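The values are calculated or read from the model by the stated rules, or taken from the named source; none is laboratory data. Here the structure is a predicted model, which means the values were calculated and not measured. Note that each Cβ is placed from the backbone with ideal geometry, even for glycine, and that neighbours are counted across all protein chains shown. The area values use the complete protein model at the heavy-atom level, side chains included, leaving out ligands, DNA and RNA. Shrake-Rupley method; radii C 1.70, N 1.55, O 1.52, S 1.80 Å.
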Amino acid sequence: MRQPDFTLTAGPTMASPRVLSALGSPIIFDYDPVFLDRFRETERLLAEVYQTQNDVVLMQGEAVLGLEAAARGLVQTGTRCLNLVSGVYASWFGDWLRKFGAEVYEVRVPYDEALDPAGVQRALDEHGPIEVVSVVHSETPSGVENPLGEIGFVAHAHGALMLADVVSSLGGTELLVDDWHIDVAVAGPQKCLAGPPGMSLIAVSPRAWEAVEANPAAPRSSFLSLLDWKLRWIEGGRTAFPYTPSVADVGGVHAALSEALEESLQTTISCHARAARACRAGVRALGLELWPRSESYAANCVTAVRAPSAVSVPEVLSHVRERYGVQLSGGYGELKDKLLRLGHMGPASRSLYPLVAVSALGRGLADLGVSVDIGAGAQAVMDALAEATAAPLEQSLT
Ligand SMILES: *Cc1c(COP(=O)(O)O)cnc(C)c1O
(Lines give C-alpha, C1' and ligand atoms only; values in the text may rest on other atoms or scores of the structure.)
Protein backbone atom coordinates (compact mmCIF):
# COMPACT_ATOMS: atom_id res chain seq x y z
CA MET A 1 0.00 0.00 0.00
CA ARG A 2 1.16 3.54 -0.70
CA GLN A 3 1.98 5.90 2.14
CA PRO A 4 -0.81 8.40 2.83
CA ASP A 5 -0.42 11.73 1.05
CA PHE A 6 -1.85 13.59 4.04
CA THR A 7 -1.62 12.50 7.67
CA LEU A 8 -4.28 14.60 9.38
CA THR A 9 -4.60 12.50 12.49
CA ALA A 10 -4.75 12.92 16.24
CA GLY A 11 -1.02 12.15 16.41
CA PRO A 12 1.59 11.16 15.54
CA THR A 13 1.23 13.79 12.88
CA MET A 14 3.22 14.95 9.84
CA ALA A 15 6.67 16.29 10.61
CA SER A 16 8.20 19.21 8.72
CA PRO A 17 11.14 18.75 6.29
CA ARG A 18 13.40 20.35 8.91
CA VAL A 19 12.39 17.85 11.58
CA LEU A 20 12.78 14.98 9.14
CA SER A 21 16.23 16.07 8.13
CA ALA A 22 17.25 16.45 11.78
CA LEU A 23 16.01 12.91 12.43
CA GLY A 24 18.16 11.72 9.55
CA SER A 25 21.33 13.51 10.60
CA PRO A 26 24.42 11.50 11.67
CA ILE A 27 24.24 9.41 14.82
CA ILE A 28 27.06 10.67 17.00
CA PHE A 29 28.41 9.64 20.41
CA ASP A 30 26.08 10.81 23.18
CA TYR A 31 29.07 12.30 25.07
CA ASP A 32 30.35 14.13 22.02
CA PRO A 33 30.37 17.87 22.84
CA VAL A 34 28.08 18.52 19.89
CA PHE A 35 25.42 16.17 21.25
CA LEU A 36 25.78 17.39 24.82
CA ASP A 37 25.27 20.95 23.59
CA ARG A 38 22.27 19.94 21.52
CA PHE A 39 20.73 18.16 24.49
CA ARG A 40 21.19 21.15 26.80
CA GLU A 41 19.89 23.49 24.11
CA THR A 42 16.84 21.24 23.67
CA GLU A 43 16.16 21.61 27.39
CA ARG A 44 16.38 25.39 27.12
CA LEU A 45 13.99 25.46 24.17
CA LEU A 46 11.56 23.20 25.99
CA ALA A 47 11.60 25.44 29.07
CA GLU A 48 10.82 28.36 26.77
CA VAL A 49 7.86 26.59 25.18
CA TYR A 50 6.67 25.56 28.65
CA GLN A 51 7.22 29.16 29.82
CA THR A 52 8.88 27.86 32.96
CA GLN A 53 11.88 28.42 35.16
CA ASN A 54 11.45 24.90 36.57
CA ASP A 55 13.73 22.01 35.68
CA VAL A 56 12.81 20.15 32.54
CA VAL A 57 13.57 16.49 32.01
CA LEU A 58 13.79 14.81 28.61
CA MET A 59 13.09 11.13 29.11
CA GLN A 60 13.64 8.65 26.34
CA GLY A 61 10.29 7.04 25.62
CA GLU A 62 6.88 8.09 24.35
CA ALA A 63 4.80 10.36 26.64
CA VAL A 64 3.17 7.41 28.40
CA LEU A 65 6.58 6.75 29.97
CA GLY A 66 6.69 10.29 31.34
CA LEU A 67 3.14 10.02 32.66
CA GLU A 68 3.88 6.75 34.42
CA ALA A 69 7.17 8.12 35.79
CA ALA A 70 5.34 11.17 37.16
CA ALA A 71 2.55 9.12 38.73
CA ARG A 72 4.93 6.64 40.33
CA GLY A 73 7.20 9.44 41.48
CA LEU A 74 4.46 11.32 43.31
CA VAL A 75 2.29 8.52 44.62
CA GLN A 76 2.70 5.90 47.34
CA THR A 77 0.24 3.79 49.29
CA GLY A 78 -2.37 6.12 50.75
CA THR A 79 -1.48 9.29 48.82
CA ARG A 80 -4.65 11.33 48.62
CA CYS A 81 -5.32 12.22 44.99
CA LEU A 82 -8.08 14.05 43.20
CA ASN A 83 -8.24 12.88 39.59
CA LEU A 84 -10.22 15.11 37.23
CA VAL A 85 -11.88 13.12 34.48
CA SER A 86 -13.36 14.60 31.33
CA GLY A 87 -12.08 11.97 28.94
CA VAL A 88 -10.35 8.73 28.15
CA TYR A 89 -6.78 9.61 29.14
CA ALA A 90 -7.75 10.99 32.55
CA SER A 91 -9.80 7.90 33.26
CA TRP A 92 -6.80 5.67 32.48
CA PHE A 93 -4.61 7.87 34.63
CA GLY A 94 -6.93 7.21 37.58
CA ASP A 95 -6.48 3.45 37.05
CA TRP A 96 -2.73 3.96 37.41
CA LEU A 97 -3.05 6.04 40.56
CA ARG A 98 -5.20 3.34 42.16
CA LYS A 99 -2.78 0.63 41.04
CA PHE A 100 0.13 2.49 42.66
CA GLY A 101 -1.80 2.56 45.94
CA ALA A 102 -3.23 6.07 45.99
CA GLU A 103 -6.53 6.91 47.64
CA VAL A 104 -8.26 8.37 44.60
CA TYR A 105 -11.23 10.73 44.55
CA GLU A 106 -12.62 11.78 41.21
CA VAL A 107 -14.52 14.61 39.60
CA ARG A 108 -16.21 13.31 36.47
CA VAL A 109 -17.99 15.18 33.71
CA PRO A 110 -19.39 13.70 30.47
CA TYR A 111 -16.72 13.31 27.79
CA ASP A 112 -18.30 15.98 25.59
CA GLU A 113 -17.91 18.61 28.30
CA ALA A 114 -15.00 20.41 29.94
CA LEU A 115 -14.24 20.43 33.67
CA ASP A 116 -15.62 23.26 35.76
CA PRO A 117 -13.12 24.85 38.21
CA ALA A 118 -15.98 25.45 40.68
CA GLY A 119 -16.67 21.70 40.69
CA VAL A 120 -12.99 21.07 41.38
CA GLN A 121 -13.13 23.52 44.28
CA ARG A 122 -16.19 21.77 45.72
CA ALA A 123 -14.48 18.38 45.50
CA LEU A 124 -11.37 19.72 47.24
CA ASP A 125 -13.53 21.19 50.03
CA GLU A 126 -15.41 17.93 50.39
CA HIS A 127 -12.52 15.44 50.25
CA GLY A 128 -9.58 17.54 51.42
CA PRO A 129 -6.81 17.62 52.31
CA ILE A 130 -5.70 16.40 48.89
CA GLU A 131 -2.00 15.98 48.08
CA VAL A 132 -2.08 15.58 44.30
CA VAL A 133 -4.56 16.88 41.71
CA SER A 134 -4.23 15.29 38.28
CA VAL A 135 -5.78 16.55 35.07
CA VAL A 136 -5.54 16.25 31.28
CA HIS A 137 -5.30 19.67 29.66
CA SER A 138 -6.46 18.69 26.21
CA GLU A 139 -8.39 15.41 25.90
CA THR A 140 -7.30 14.40 22.43
CA PRO A 141 -9.76 11.47 22.13
CA SER A 142 -12.73 13.84 22.45
CA GLY A 143 -11.29 17.14 21.27
CA VAL A 144 -12.08 18.94 24.53
CA GLU A 145 -9.78 21.40 26.31
CA ASN A 146 -10.00 21.95 30.07
CA PRO A 147 -9.43 25.33 31.80
CA LEU A 148 -6.03 24.33 33.17
CA GLY A 149 -5.08 27.80 34.39
CA GLU A 150 -8.13 28.13 36.64
CA ILE A 151 -7.84 24.55 37.87
CA GLY A 152 -4.15 25.06 38.64
CA PHE A 153 -4.99 28.10 40.70
CA VAL A 154 -7.64 26.21 42.70
CA ALA A 155 -5.33 23.23 43.31
CA HIS A 156 -2.45 25.45 44.34
CA ALA A 157 -4.59 27.44 46.77
CA HIS A 158 -5.59 24.13 48.36
CA GLY A 159 -1.90 23.27 48.79
CA ALA A 160 -2.00 20.27 46.43
CA LEU A 161 0.58 19.41 43.81
CA MET A 162 -0.75 19.76 40.29
CA LEU A 163 0.10 17.08 37.75
CA ALA A 164 -0.98 17.82 34.19
CA ASP A 165 -1.00 15.70 31.05
CA VAL A 166 -0.29 18.36 28.45
CA VAL A 167 0.68 15.88 25.73
CA SER A 168 -1.59 17.34 23.06
CA SER A 169 -1.70 20.94 24.26
CA LEU A 170 1.98 21.92 24.38
CA GLY A 171 2.66 24.16 21.40
CA GLY A 172 -0.97 24.19 20.30
CA THR A 173 -2.69 26.23 22.96
CA GLU A 174 -1.79 28.63 25.76
CA LEU A 175 0.08 26.83 28.55
CA LEU A 176 1.85 28.77 31.30
CA VAL A 177 3.45 26.23 33.59
CA ASP A 178 4.75 28.70 36.16
CA ASP A 179 1.85 31.17 36.22
CA TRP A 180 -0.65 28.33 36.46
CA HIS A 181 1.22 26.47 39.21
CA ILE A 182 1.68 23.24 37.27
CA ASP A 183 4.08 21.20 39.40
CA VAL A 184 4.56 18.38 36.94
CA ALA A 185 3.73 18.75 33.26
CA VAL A 186 4.19 15.91 30.80
CA ALA A 187 4.10 16.29 27.02
CA GLY A 188 5.20 14.38 23.96
CA PRO A 189 6.76 15.79 20.81
CA GLN A 190 4.44 13.97 18.37
CA LYS A 191 1.35 16.11 18.80
CA CYS A 192 1.29 19.89 18.23
CA LEU A 193 5.09 20.10 18.11
CA ALA A 194 5.05 17.58 15.23
CA GLY A 195 8.23 15.82 16.27
CA PRO A 196 9.03 12.11 16.59
CA PRO A 197 6.92 9.89 18.89
CA GLY A 198 9.75 8.79 21.13
CA MET A 199 10.32 11.14 24.04
CA SER A 200 8.66 12.50 27.17
CA LEU A 201 9.02 16.22 27.78
CA ILE A 202 8.57 16.94 31.46
CA ALA A 203 8.66 20.05 33.66
CA VAL A 204 9.14 19.57 37.41
CA SER A 205 8.72 22.28 40.07
CA PRO A 206 10.92 22.48 43.20
CA ARG A 207 7.91 21.42 45.31
CA ALA A 208 7.36 18.40 43.12
CA TRP A 209 11.04 17.41 43.39
CA GLU A 210 10.76 17.59 47.17
CA ALA A 211 7.71 15.34 47.10
CA VAL A 212 9.41 12.79 44.83
CA GLU A 213 12.56 12.79 46.96
CA ALA A 214 10.48 12.22 50.07
CA ASN A 215 8.55 9.35 48.46
CA PRO A 216 10.10 5.98 49.33
CA ALA A 217 8.03 4.38 46.54
CA ALA A 218 9.37 6.70 43.82
CA PRO A 219 11.38 4.75 41.23
CA ARG A 220 15.14 4.86 41.81
CA SER A 221 17.81 3.32 39.58
CA SER A 222 15.07 2.62 37.07
CA PHE A 223 14.17 3.59 33.51
CA LEU A 224 11.05 5.13 35.07
CA SER A 225 13.02 7.27 37.50
CA LEU A 226 12.76 11.04 37.43
CA LEU A 227 15.16 11.11 40.38
CA ASP A 228 17.92 9.44 38.37
CA TRP A 229 17.74 12.36 35.96
CA LYS A 230 17.93 14.84 38.82
CA LEU A 231 20.83 13.14 40.57
CA ARG A 232 22.92 12.16 37.58
CA TRP A 233 22.14 14.72 34.92
CA ILE A 234 20.94 17.91 36.63
CA GLU A 235 22.94 17.79 39.87
CA GLY A 236 25.90 16.25 38.06
CA GLY A 237 26.29 19.47 36.07
CA ARG A 238 24.56 18.12 32.95
CA THR A 239 27.48 15.95 31.92
CA ALA A 240 26.26 12.41 32.69
CA PHE A 241 23.09 10.72 31.42
CA PRO A 242 21.35 7.97 33.39
CA TYR A 243 21.14 6.07 30.07
CA THR A 244 21.83 6.79 26.42
CA PRO A 245 19.22 9.05 24.84
CA SER A 246 18.23 8.45 21.22
CA VAL A 247 20.55 10.79 19.34
CA ALA A 248 18.14 10.92 16.39
CA ASP A 249 15.05 11.66 18.50
CA VAL A 250 16.79 14.45 20.38
CA GLY A 251 17.77 16.00 17.04
CA GLY A 252 14.15 15.77 15.89
CA VAL A 253 12.77 17.28 19.10
CA HIS A 254 15.35 20.07 18.96
CA ALA A 255 14.23 20.93 15.42
CA ALA A 256 10.55 20.73 16.34
CA LEU A 257 10.95 23.05 19.35
CA SER A 258 13.05 25.47 17.30
CA GLU A 259 10.33 25.65 14.67
CA ALA A 260 7.59 26.20 17.23
CA LEU A 261 9.53 29.17 18.62
CA GLU A 262 10.86 30.57 15.40
CA GLU A 263 8.03 32.85 14.36
CA SER A 264 7.02 33.20 18.05
CA LEU A 265 5.18 30.70 20.17
CA GLN A 266 2.13 32.95 20.01
CA THR A 267 2.04 32.67 16.23
CA THR A 268 2.34 28.89 16.36
CA ILE A 269 -0.55 28.72 18.83
CA SER A 270 -2.68 31.14 16.81
CA CYS A 271 -2.16 28.96 13.78
CA HIS A 272 -3.54 25.93 15.64
CA ALA A 273 -6.50 27.98 16.88
CA ARG A 274 -7.25 29.18 13.36
CA ALA A 275 -7.09 25.68 11.87
CA ALA A 276 -9.39 24.41 14.62
CA ARG A 277 -11.93 27.20 13.99
CA ALA A 278 -11.84 26.52 10.25
CA CYS A 279 -12.37 22.78 10.73
CA ARG A 280 -15.28 23.34 13.12
CA ALA A 281 -16.93 25.76 10.70
CA GLY A 282 -16.41 23.30 7.87
CA VAL A 283 -17.79 20.33 9.76
CA ARG A 284 -20.92 22.23 10.78
CA ALA A 285 -21.46 23.48 7.24
CA LEU A 286 -21.19 19.91 5.96
CA GLY A 287 -24.22 19.29 8.15
CA LEU A 288 -22.41 17.22 10.78
CA GLU A 289 -22.34 17.60 14.54
CA LEU A 290 -19.28 18.46 16.61
CA TRP A 291 -18.62 16.22 19.62
CA PRO A 292 -17.88 18.94 22.23
CA ARG A 293 -21.16 20.45 23.43
CA SER A 294 -19.73 23.94 23.28
CA GLU A 295 -17.17 25.37 20.90
CA SER A 296 -15.86 27.45 23.78
CA TYR A 297 -13.91 24.43 25.01
CA ALA A 298 -13.22 22.67 21.70
CA ALA A 299 -9.52 21.75 21.48
CA ASN A 300 -6.98 23.36 19.18
CA CYS A 301 -5.27 20.08 18.32
CA VAL A 302 -8.12 17.96 16.89
CA THR A 303 -11.72 18.45 15.83
CA ALA A 304 -13.94 15.62 17.03
CA VAL A 305 -17.08 14.93 15.01
CA ARG A 306 -20.00 12.67 15.94
CA ALA A 307 -19.98 9.86 13.38
CA PRO A 308 -23.26 9.68 11.41
CA SER A 309 -25.18 6.55 12.43
CA ALA A 310 -25.49 5.25 8.85
CA VAL A 311 -21.76 4.50 8.57
CA SER A 312 -19.14 2.74 10.66
CA VAL A 313 -16.03 4.65 11.70
CA PRO A 314 -13.51 2.07 10.35
CA GLU A 315 -15.36 2.03 7.03
CA VAL A 316 -15.12 5.80 6.65
CA LEU A 317 -11.44 5.90 7.64
CA SER A 318 -10.35 3.16 5.28
CA HIS A 319 -12.42 4.56 2.41
CA VAL A 320 -10.96 8.06 2.79
CA ARG A 321 -7.48 6.61 3.17
CA GLU A 322 -7.74 4.37 0.10
CA ARG A 323 -9.67 6.63 -2.25
CA TYR A 324 -8.10 9.98 -1.38
CA GLY A 325 -4.81 9.18 0.36
CA VAL A 326 -5.88 11.05 3.49
CA GLN A 327 -5.38 9.46 6.91
CA LEU A 328 -7.85 10.77 9.49
CA SER A 329 -8.48 9.40 13.00
CA GLY A 330 -11.42 7.62 14.54
CA GLY A 331 -12.35 7.67 18.18
CA TYR A 332 -10.18 6.19 20.91
CA GLY A 333 -10.88 4.08 23.97
CA GLU A 334 -14.56 4.22 24.92
CA LEU A 335 -15.23 6.63 22.05
CA LYS A 336 -13.64 4.42 19.41
CA ASP A 337 -16.73 3.86 17.25
CA LYS A 338 -18.48 7.12 17.99
CA LEU A 339 -16.15 9.74 16.57
CA LEU A 340 -14.25 10.83 13.52
CA ARG A 341 -11.37 13.18 14.24
CA LEU A 342 -9.60 15.69 12.05
CA GLY A 343 -6.10 16.48 13.27
CA HIS A 344 -4.59 19.93 12.82
CA MET A 345 -1.28 19.81 14.60
CA GLY A 346 2.12 21.12 13.54
CA PRO A 347 2.36 21.47 9.75
CA ALA A 348 -1.26 20.23 9.50
CA SER A 349 -2.38 23.44 11.23
CA ARG A 350 -0.98 25.50 8.39
CA SER A 351 -2.05 26.57 4.92
CA LEU A 352 -5.01 24.70 3.43
CA TYR A 353 -4.70 21.45 5.37
CA PRO A 354 -8.03 22.11 7.15
CA LEU A 355 -9.64 22.23 3.70
CA VAL A 356 -8.11 18.85 2.85
CA ALA A 357 -9.37 17.36 6.10
CA VAL A 358 -12.94 18.68 5.80
CA SER A 359 -13.21 17.86 2.08
CA ALA A 360 -11.87 14.35 2.56
CA LEU A 361 -14.34 13.75 5.38
CA GLY A 362 -17.25 15.26 3.46
CA ARG A 363 -16.57 13.56 0.14
CA GLY A 364 -15.81 10.27 1.87
CA LEU A 365 -19.12 10.32 3.74
CA ALA A 366 -21.00 11.29 0.58
CA ASP A 367 -19.42 8.36 -1.27
CA LEU A 368 -20.80 6.12 1.47
CA GLY A 369 -24.30 7.51 1.10
CA VAL A 370 -24.40 10.15 3.84
CA SER A 371 -26.07 13.41 2.86
CA VAL A 372 -23.57 16.23 3.40
CA ASP A 373 -23.07 19.61 1.74
CA ILE A 374 -19.47 19.37 0.55
CA GLY A 375 -19.52 22.76 -1.17
CA ALA A 376 -20.80 24.54 1.92
CA GLY A 377 -18.20 22.75 4.04
CA ALA A 378 -15.33 23.83 1.80
CA GLN A 379 -16.67 27.37 1.60
CA ALA A 380 -16.94 27.64 5.38
CA VAL A 381 -13.34 26.44 5.85
CA MET A 382 -12.01 28.96 3.35
CA ASP A 383 -14.08 31.79 4.82
CA ALA A 384 -12.73 31.03 8.29
CA LEU A 385 -9.15 30.83 7.05
CA ALA A 386 -9.43 34.01 5.00
CA GLU A 387 -10.96 35.95 7.86
CA ALA A 388 -8.33 34.85 10.38
CA THR A 389 -5.43 35.34 7.98
CA ALA A 390 -6.49 38.90 7.20
CA ALA A 391 -6.11 39.87 10.86
CA PRO A 392 -2.63 39.85 12.39
CA LEU A 393 -2.21 36.37 13.90
CA GLU A 394 -1.25 37.77 17.30
CA GLN A 395 -4.59 39.46 17.64
CA SER A 396 -6.66 36.50 16.55
CA LEU A 397 -5.51 34.37 19.49
CA THR A 398 -8.06 35.56 22.02
C1 LIG B 1 -1.16 11.19 22.70
C2 LIG B 1 -1.52 11.39 24.10
C3 LIG B 1 -0.90 10.64 25.11
C4 LIG B 1 0.12 9.60 24.80
O5 LIG B 1 -0.55 8.44 24.57
P6 LIG B 1 -0.40 7.46 23.33
O7 LIG B 1 -1.73 6.75 23.30
O8 LIG B 1 0.72 6.57 23.61
O9 LIG B 1 -0.16 8.28 22.10
C10 LIG B 1 -1.26 10.90 26.42
N11 LIG B 1 -2.17 11.85 26.74
C12 LIG B 1 -2.79 12.59 25.79
C13 LIG B 1 -3.78 13.63 26.19
C14 LIG B 1 -2.47 12.37 24.44
O15 LIG B 1 -3.07 13.10 23.49
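List the GluC sites (Glu not before Pro) within the range 168-251 that fall in a DSSP loop (any state other than H, G, I, E or B) and whose Cβ has at most 13 other Cβ atoms within 10 Å.
Answer by residue number: Glu235.
The DSSP beta bridges internal to the chain are antiparallel in roughly 50% of cases. Computed about the Cα centre, the dipole magnitude for the chain is approximately 800 debye when only Lys and Arg (+1) and Asp and Glu (-1) carry charge, each at its Cβ. Rounded to the nearest 10 degrees, the inclination of helix 63-74 to the longest alpha-carbon principal axis of the chain is 40 degrees.
Here the label points at Lys99 and Ser309, each 7 Å from Cα along the C-beta direction, are separated by 3.7 nm in the simple model.
Computed 3J(HN,Hα) for the range 182-192, one whole-Hz value per residue from the Karplus formula 6.51 cos²θ - 1.76 cosθ + 1.60 where θ = phi - 60°, is 8, 7, 9, 10, 10, 10, x, x, 8, 9, 5, glycine and proline marked x. As a ratio to 2.2 N^0.38 Å, the alpha-carbon radius of gyration computed for the range 20-77 takes the value 1.40.
Qualifying trypsin sites (Lys or Arg not before Pro) in the range 289-334, where qualification requires a DSSP coil assignment and no more than 14 other C-beta atoms within 10 Å, comprise Arg293.
As a calculated quantity, the FRET efficiency between Arg18 and Ser296 at R0 = 25 Å, using C-beta atoms, amounts to about 0.15. Expressed as a whole percent, the accessible area of the range 231-365 that falls on carbon and sulfur atoms is 48 (1.4 Å probe). Applying the Karplus relation 6.51 cos²θ - 1.76 cosθ + 1.60 with θ = phi - 60° to the range 99-115 yields 3J(HN,Hα) values of 4, 7, x, 5, 8, 9, 9, 9, 10, 10, 10, x, 6, 9, 10, 9, 5 Hz, where x marks Gly and Pro. Accessible area per residue for the chain, computed on protein heavy atoms with a 1.4 Å probe, is 39 Å². Residue-wise HN-Hα couplings along the range 342-359, as the Karplus relation 6.51 cos²θ - 1.76 cosθ + 1.60 with θ = phi - 60° gives them from phi, are 9, x, 9, 10, x, x, 5, 8, 9, 6, 9, 4, x, 5, 4, 4, 5, 5 Hz; Gly and Pro carry x.
In the range 1-140, inverting the average of 1/r over every pair of distinct C-alpha atoms gives 18.3 Å as the Kirkwood radius. For the range 1-49, the share of accessible area belonging to carbon and sulfur comes to 60 percent (1.4 Å probe, ligands and nucleic acids excluded).
Size descriptors for the range 17-262 (Cα atoms only): Rg and Dmax, in that order, 17.4, 56 Å.
Shown is the FRET efficiency for Asp30 and Asp5, computed with R0 = 35 Å from the Cβ-Cβ distance and rounded to the nearest 0.05: 0.45.
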